[in-house]
Amino acid sequence: MIYGYIRVSTDEQSVDSQKNVISRYCVEKKMLVDEWIALEVSSRKSLRQRRIEELLSKLGKDDVVIVSELSRLGRSIKEVLGIIERLTQQCGSRLILVKQNMDINPRNRNDLTNKILITVFAMLAELERDFISERTKEGLSARRAKGLKLGKPKGTIQSSMYDKDQERIFHLHKMGVPLNTIIKTHLGYGKYISLRDYIRKRYTDDTTINTDHANTASS
C-alpha cells in the first residue's frame, strides 16, 4: 500500500497544493497512491488528532508513506525523529519526503544516504534536547535571580483517586472506621499509606488518624 499524508495548519496553506506535489512525484516515479490521509489541523495537536497514530497502525512491511515535506510530520525535530523511527524501524515501511528529496527505506541497509540521514536526524534530536535543557536552566536561574521561589506553591494539593469518594471517606474516618476497613470494605481500591496521607492533607476537623485501628485491621 502507498499512503499519501497531507496536513495543513492555516488557512493560507492548501491541501490541494500538497496533494499536487505528491501526485507529480508519483507520476515521475510511476507510483500510485492507494489511500490519502488529508486533514486541516495544527501541529500542536496530538499524534492521534493529526492521524499519525492511525497512519502508523495501518502500516506494514513494504508499505510506503509519501509526504510533501518534513514539517508536515511534526512540530519539532525530536518528534519527527520519533515518528520516522517508528515508521521505518517498527513498521518496516518506507518514507518519502518529496521536497527534501529523501527516500528512507529500511530495506536498503547498505544505502549510505539512509545511514547519513538517520545519523543527522539523531544528531539534530540530541542538539534540540541540549537546547531545551539549556533554556530550562537559564529560565530557572533567571527566576532565582529575581528571588522567585521555584516549584509548586506551598500548600498546593494535587488531585487524587480518592477525591470522588472524599465525603464517604471523611464520614467513615470520623466514625472511627479503620483505614484498611475503609479500603477493603467500602472503597475496594487504594492502599493504607496513600489513604492515610490523603486524609492528613485534606481532613480539617481532626487531622489525627487512628493508626491503632488501622494496624489492628491489617493484622
Applying the selection to segment 18-59, what residues are among the hydroxyl-bearing types (Ser, Thr, Tyr) and either modelled with pLDDT under 90 or within 18 Å of LEU81 (Cα to Cα) (or both)?
SER42, SER43, SER46, SER57
Looking at the structure I just gave you, is ASP16 of a type in the set (D, E, K, R), part of a helix (DSSP H, G or I), over 13 Å from VAL98 (Cα atoms) and assigned by TED's automatic domain parsing to the domain that holds ILE84?
yes
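The values are calculated or read from the model by the stated rules, or taken from the named source; none is laboratory data. Fair warning: this is a prediction, and the values are worked out from it, not measured in the lab.
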